[in-house]
Structure formats: C-alpha cells, structure tokens
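Structure first, commentary second.
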Amino acid sequence: MISKKILVIPGDGIGPEVTAPSIQVLKQIASQFDIQLELTEKLVGGVAYDLTGTPIPDDTLDAAKNSDAILLGAVGGPKWEPLDFSVRPERGLLKLRSELELYANLRPAVIYGDLVNASTLKPEVVDGADLMVVRELTGGIYFGEPRGVELRNGERVGFNTLIYSESEIRRIAKIGFEIAMKRGKILTSIDKANVLESTELWREITTEVGKDFPEVKLGHMYADNAAMQIIRNPKQFDTMVTTNMFGDILSDAAAMMTGSLGMLPSASIGGGNGMYEPVHGSAPDIAGKDKANPLAMILSVGMMLRYSFDLIHADELIKHSVVKTLENYRTKDIMAEGKKLVGCKEMGERVLQSLEKKYN
Ligand code: IPM
Ligand code: MG
C-alpha cells in the first residue's frame, strides 16, 4: 500500500462545493488502488483573510510544502475586491504557486463525449479538438519587479514588469517539448516577439531548446493571432507553450471550445509536489446555490493521480466516468436537450456511481 499526503484547500465561492465531490472521487480511487490517503484541509484566499488577516497563513504554506500534492478549489470574490492588493485572495494563490516553484501549468482543453454540442463554436470546428496549454506560472508580468502605483508629475501611474530570464524560459520550454512528445509532437510557442523584447528572447530560447527535441515540430505564433486561431480552427493545435499572462488568457479561450469553463482542470508542476485546481474561478454569482459544475475539479483529481503519482490508469478511469455521466446528466452550464439537469452535488454523486460501476 502506498501512502499519500494530500493538502485540500477548498477556498472561496464555489470552491468548497466542487471540492466536496472531488474528495469522494479521490477516496473511491484510493480504495481501489490501495492508496492510503492522509487528507489535511487548510485555508487560502478570502476565507483565510477573514479568519486570520492574511490570504495565506504560514501553517497553510508549511502544510503545502509537506504534502505530496495539493488540491485547490478556487479563491477570490467581490467581497474582497476593496482590500489592499497585498492581502487579496489571489495573492494567496500566487504565493503558493511561487513558493512551491510550480512553474509549469498544464491546462488540457478536450471535448468530453457529446459535449461538442455544448460549445458556442460550431460542432465541426471543435469536434476532435484536443489542446494542451502549457503556461509559465511563476514568472513574467505576474511577478516582475518593479510594480505598483505611484505618483509621478502629479498623477498616479500604474506599472508592471514583464521579465523572463533565460533559465526560466528554458525550463518551461523543456516541459512544453516533453509534454508535446507524449502527445502529437507539435508544439506552438506563443509570444509577442514583434513588440516585446522579453518574448523575443522567449522565441530564441524556445528554438534553442527545440534542438534537443528533433521529433517535435516547433512553430511560433503571436499571441493575438493565437487567440484568433483558437476560435477559428482549434484543431490545428496540439501543445502550446506560453508566458504566464498569455497562458492565462488563451487557456480561458481554449476552455470555451470545450463547452464551459467548468470542464477545464489544471496541473501546476515543476517543484517537488504538484498543485491541482480547476481553471474556473470562484464564480461568486452561483456560489452556495448547488449550481456549479464539479467536473473540472474532479478531472483535476485525475490530473493529480497522473502527474504526481503516475497513476495514469486512475486518471483514465475518472475521465471515462465523466464521459459516461455526461451521457445523461448535466449541470446548468452544459445543459442540453434530452439530458437531466442536476446540481453540483448530484453531478458528483453520478460520477461516483459511474466510477463504482466500473469496479463492482
Ligand atoms: C487562473 C486565474 C488566476 C490567474 C487568478 C485567480 C489569480 O485566473 O488560474 O487562471 O490569473 O492565474
Ligand atoms: Mg485565469
């Protein structure tokens, strides 16, 4: 029997609602795969601020460093928007990413089952699309210094710094190529090399790293064109590697081809342990109403099993159960004719049932 320490961070908004069924799914898999789970729950985000005055208390960070993997629901909400930047819920998440050196964020946008009809894009455009966005997660404009808002010549100016070192680019490019090798062996690196020096360097280093991966076909695309191409013809992409901010934007766009942001899981890796979270945010408008789609979080559990514990089969089982569940049941965001509308809780239960059916 293997033993795994998982830190669970439900967070804000719909975070706790989507976390609950995901833990059930994890427990089910653990019992079938003979994994002994040690689950700990800690605070990050607005809820942490309310209780402790900081969006990420030290004991959360310690627990994160001492765990084998982290599952995170979502952070943020309008309630905390007036707060000073330094204590906003999002700072908690960003600190976790950077302290744990989770520099590579994998966001697979895949169409599950007949969800092809749930996309706002035409079925023939999205059918069969399967894109992995590899987003740099601990550098770039998200973390660059100097940053701030200050008074200059009698008016306030806001500024941020887009900065990437060679080594930062090299390590994320390497992950991009490695992931592409396991997929369709086509890597598109996204930059804005025509305007930004930092991404001109990005292009140069990515090309250099590509020499170690002769089997992968490397292409370069400007970020604005990439946004357009994801909507025009997503099937041209296999694996994409890009900066922190372009990745943030393009992964949301890629998510919509799958029908809903509620379907996209993510894995943040690079450091010793991985963190797994749905791409959707805290969705305060539907929080507490049992309307959220738990599938992105459930699929994030699958990514954890795959990338942190090498249990590829367990991830496949979860995906299969999700596809099976979608045949009959839908949350509101992906509702379609002929399907039964269910809430977050029931959706989770249905996936669990489907998973159990596979074994018993
Ligand atoms: C994401 C989110 C975060 C980000 C926010 C909540 C800080 O949008 O994970 O895509 O910008 O990285
Ligand atoms: Mg985002």
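One residue is enough: does the stretch 253-275 have a residue meeting the conditions farther than 22 Å from ALA74 by Cα and among the hydrophobic types (A, V, I, L, M, F, W, C)? The answer is no; no qualifying residue exists.
Per the conditions (1) buried (at least 24 other Cβ atoms within 10 Å of the Cβ); (2) in contact with a helix residue (DSSP H, G or I) (Cβ under 6 Å, 6 or more places away or on another chain), the sole criterion not satisfied by MET275 is (2). If you go through the stretch 153-186 and keep only what is in contact with an Asp or Glu (Cβ under 7 Å, 6 or more places away or on another chain), assigned to a strand (DSSP E or B) and touching a residue at least 12 places away in the same chain (Cβ under 8 Å), you end up with just ILE186. Which residues, taken from the stretch 202-223, are touching a residue at least 24 places away in the same chain (Cβ under 8 Å) and either polar (S, T, N, Q) or not in a helix (DSSP H, G or I) (or both)? The answer is THR206, ASP212, PHE213, GLU215, VAL216, LYS217, LEU218, GLY219, HIS220, MET221, TYR222.
Which residues, taken from the stretch 70-94, are more than 11 Å from ligand 1 (Cβ to nearest atom), open to solvent by 20 Å² or more (accessible area, probe 1.4 Å) and either within 15 Å of the chain's Cα centre (by Cα) or not hydroxyl-bearing (Ser, Thr, Tyr) (or both)? Before the answer, list the steps.
Residues of the stretch 70-94 more than 11 Å from ligand 1 (Cβ to nearest atom): 70-71, 73, 78-87.
From what is left, the residues that are open to solvent by 20 Å² or more (accessible area, probe 1.4 Å) are 78-87.
Residues satisfying the conditions are PRO78, LYS79, TRP80, GLU81, PRO82, LEU83, ASP84, PHE85, VAL87.
Kindly establish whether LEU196 is touching a strand residue (DSSP E or B) at 6+ places or on another chain (Cβ under 8 Å), within 18 Å of PHE246 (Cβ to Cβ) and either loosely packed, with under 14 Cβ neighbours inside 10 Å or at pLDDT 95 or above (or both). Spell out the reasoning first.
Values: touching a strand residue (DSSP E or B) at 6+ places or on another chain (Cβ under 8 Å): no; within 18 Å of PHE246 (Cβ to Cβ): yes; either loosely packed, with under 14 Cβ neighbours inside 10 Å or at pLDDT 95 or above (or both): yes.
Answer is no for this residue.
For the stretch 224-269, the set of residues classified as within 16 Å of ligand 2 (Cβ to nearest atom), assigned to a helix (DSSP H, G or I), at pLDDT 95 or above and open to solvent by less than 10 Å² (accessible area, probe 1.4 Å) consists of ALA226, ILE230, ASN244, GLY247, LEU250, listed by residue number. Cβ separations smaller than 6 Å between residues 6+ apart or across chains give the following pairs from the stretch 25-40 residues that are assigned by TED's automatic domain parsing to the domain that holds SER300 to residues that are among the small types (Gly, Ala, Ser): ILE29/ALA314; PHE33/ALA314; GLN36/SER3; LEU37/ALA30; THR40/ALA63. Candidates GLU124, GLU150, GLU145: the one that is acidic (Asp, Glu) and assigned to a strand (DSSP E or B) is GLU150. Does SER282 satisfy the criteria of being farther than 26 Å from ALA173 by Cα and away from ligand 2 (no atom under 16 Å from the Cβ)? For SER282, the condition - farther than 26 Å from ALA173 by Cα and away from ligand 2 (no atom under 16 Å from the Cβ) - is not met.
The values are calculated or read from the model by the stated rules, or taken from the named source; none is laboratory data. As the structure is a prediction and not an experimental result, all values here were calculated from the model. Backbone-built Cβ (ideal geometry, glycine too); neighbour counts: all protein chains shown. Keep in mind that these areas ignore ligands, DNA and RNA; they rest on the heavy atoms of the full protein, side chains included. Shrake-Rupley method; radii C 1.70, N 1.55, O 1.52, S 1.80 Å.
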